[in-house]
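Novice: Next up is a structure, given as structure tokens.
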Amino acid sequence: MFWGLWLLIALIFLIVFIFFMYYNRFAVLGNRIDNSLSQINVQLKRRADLVPNLIETVKGFAKHEKEAIKAVTDARKALVGAKDIEGKVKADRKLESALKTIFAIAEGYPDLKANQNFLELQRELSTTEDRVAYARQYYNDSILSYNNLCKTFPGTFFAKLYGKQSREYFQVSETDKKLVKVDFK
Amino acid sequence: MAERIDFRDQISGNKWKSFFLISSIFAILVLFGYVISFAFEPGFFFIIMIISIVFSLSYILISYYNSDKIAIASVQAKKASRESHKQYYSLVEGLTIASGMPMPRLYIMNSSQINAFASGRDPQNAVICVTTGALEKLDKRELEGVLAHELSHIANYDIRYMTLVAVMVGMIAIISQIFLRSLWFRGGGSDNKNNWIFLLIGILMAILAPIVVQLVQLSISRKREFASDASAVKFTRYPVGLIGALKKIQKDAVQPEKKISKAVAPLFFSNPFRGWGSTHPPLEKRINALERM
């Protein structure tokens, strides 16, 4: 009788512990997703902040490349103005292709190409582009572990209990993925 | 690789092994004290036991909290400055974003070998150290692959376990040396039978312990390298960089590094001694595994 009581108490503790543990896992993984999303935003903002400097430098050497410069400023405006993350990343894609054009044009201006400031900005911009990609990759990795928890047993049971649903991956639509054409005139 | 690695299992496994290792370090040290006290001077039993317990506790605490500093100091590495090593910092920062980890402290050691290691007790207190040879000879993507490999050692808590093993190997080697040498200075005179039995056990332990520890160390570090290569690719999504780095190490014929002691060798990206022991799987096998990804 005595032992049975202790066993029952231990069992109840174990069950409560498991409930807490799963609750915390959902919380931790959910936070990780939010955190990685904000990391994407941080990197995109940093990229947008670098662009005006670049434009100033380019204008100093290649003033009449108006079209290419305008494409970059427009893309930046769209990036800053976009409300949700999908819009931002789409704008960032446009910015990336506009920047590629600028860098291709710069090849024709030896002074610009050799400008220390320009080189520094070019390097910084490509670094932030890498980081945007990394941040998105980590975002999707975080969603993967969250969804794995939601969809495998006994996680499914707790997911239903706590009202958690698996989340959508961050995807780039096929039209955005096609290669950027650089126009050499 | 067909085998899927669950990183959460690996992390908790490493934490348990570290705990087990710390407990056995403590047990071994106290046991040494026990044997020594019987072999030499049974009269001072309690004093020697107290000293050995205090000594082992402080030894364990100090080496646990300073494992990264010990490893850094043992290879004479210096802190990397952000100004002169922009690419190094920028690559690690990018990788911390890709892996969602805190930024480790970065060090550089003087060596023409292409190599790197990570140390520390957890991701919040971790260091990465690369050789000057690696910074000079590897291109950006290759260096990134090597750094991602080291970062995944940190993420998996390999660093805690591996550094503890390194510290333990060093310790047992020192103790058994002291023990064996002190035997020469013991004059004869004790005819007590019991005494001789304990002395025999003492000698046996002093000889066997380092060998056992060495074997443990060799067997554990090989699997980890494959696992870390795999998660390095998970971070960078670019196996070509890491493959390039491994191939450059293969071709790069340099002297074995004298500054690296054998105890810390398994911490490194590739075996610093070429052909000595087998702390690392052969480079060809690692390249093959990566190419199949």
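Novice: Please report the spacing between the Cα centers of segment A:59-88 and segment B:62-115 in Å, no decimals.
Specialist: 38
Novice: Arrange A:C150, B:C129 by Cβ neighbour counts within 10 Å, fewest through most, would you?
Specialist: On the way: A:C150 18, B:C129 27.
Ascending Cβ contact count within 10 Å gives the list A:C150, B:C129.
Novice: Going by amide H atoms built from the backbone, whose H comes under 5 Å of the H on A:Y109, apart from near neighbours?
Specialist: none
Novice: If you don't mind, there's one more thing I want to ask. Going down the table (B:K137/B:K285; A:K66/A:K113; B:K17/B:K248; B:K78/B:K251; A:K63/A:K83; A:K63/A:K94), which pairs top 24 Å between alpha carbons?
Specialist: Beyond 24 Å between Cα atoms: B:K17/B:K248; B:K78/B:K251; A:K63/A:K83.
Novice: For peptide B:84-95, how many partner chain Cβ atoms fall within 10 Å of a residue's Cβ, on average? Mind showing how you got there, number by number?
Specialist: On the way: counts 0, 0, 2, 2, 0, 0, 5, 2, 0, 3, 8, 2.
Partner Cβ neighbours, averaged per residue: 2.
Novice: Can you give the longest stretch of chain A with no exposed loop site, where a site means GluC sites (Glu not before Pro) in a DSSP loop (not H, G, I, E or B) with at most 12 other C-beta atoms within 10 Å? Numbers along the way, then the final one.
Specialist: On the way: sites that count: A:E107, A:E168.
Looking at chain A, A:1-106 is the longest stretch - no exposed GluC sites (Glu not before Pro) with at most 12 other Cβ atoms within 10 Å.
Novice: Something else about it: ³J(HN,Hα) across segment A:81-95 via Karplus (A = 6.51, B = -1.76, C = 1.60, θ = phi - 60°), whole Hz, x for Gly/Pro?
Specialist: Here the 3J(HN,Hα) series is x, 4, 7, 9, 5, 4, x, 5, 5, 4, 4, 5, 4, 4, 4 Hz.
Novice: Follow-up. For segment B:13-20, take each phi angle, set θ = phi - 60°, evaluate the Karplus expression 6.51 cos²θ - 1.76 cosθ + 1.60, and give the result in whole Hz per residue in order, putting x for glycine and proline.
Specialist: With coefficients 6.51, -1.76 and 1.60, one gets x, 5, 5, 5, 5, 5, 4, 4 Hz.
Novice: Using DSSP to define loop residues, name the trypsin sites (Lys or Arg not before Pro) in segment A:46-82 whose beta-carbon has at most 11 other beta-carbon atoms within 10 Å.
Specialist: Details: sites: A:R46, A:R47, A:K59, A:K63, A:K66, A:K70, A:R76, A:K77; in loops: A:K63.
In loop regions of segment A:46-82 (DSSP not H, G, I, E or B), the sparsely surrounded trypsin sites (Lys or Arg not before Pro) are A:K63.
Novice: How do A:19-28, B:159-168 rank on mean C-beta neighbours within 10 Å, highest first?
Specialist: Numbers: A:19-28: 13.6, B:159-168: 25.0.
Per-residue mean Cβ counts within 10 Å order the peptides as B:159-168, A:19-28.
Novice: Give a residue-ordered list of calculated ³J(HN,Hα) values for segment B:91-99 (Karplus: 6.51 cos²θ - 1.76 cosθ + 1.60, θ = phi - 60°; whole Hz; x for Gly, Pro).
Specialist: Result, rounded to whole Hz: 5, 5, 4, x, 5, 5, 5, 5, 10.
Novice: Let me know the mean shielding of A:123-133 by other chains, meaning the per-residue number of their Cβ atoms within 10 Å of its Cβ.
Specialist: Mean partner shielding for this stretch: 3.
Novice: Oh, and also: With a cut-off of 8 Å between alpha carbons and a minimum separation of six or more residues, what is the relative contact order of chain A in percent?
Specialist: Relative contact order for chain A comes out at 29 percent.
Novice: Of the DSSP beta bridges with both residues in segment B:1-153, give the percent that are antiparallel, rounding to the nearest 5. Before the final figure, lay out each step's value.
Specialist: On the way: 8 of 13 bridges.
In segment B:1-153, approximately 60 percent of DSSP beta bridges are antiparallel ones.
Laboratory data are not the source of any read-out in this text; all were calculated from the coordinates shown. Everything numeric here is computed off the predicted structure, so don't read it as measured data. Reconstructed Cβ throughout: ideal geometry from the backbone, glycine too, with neighbour counts over all protein chains shown.
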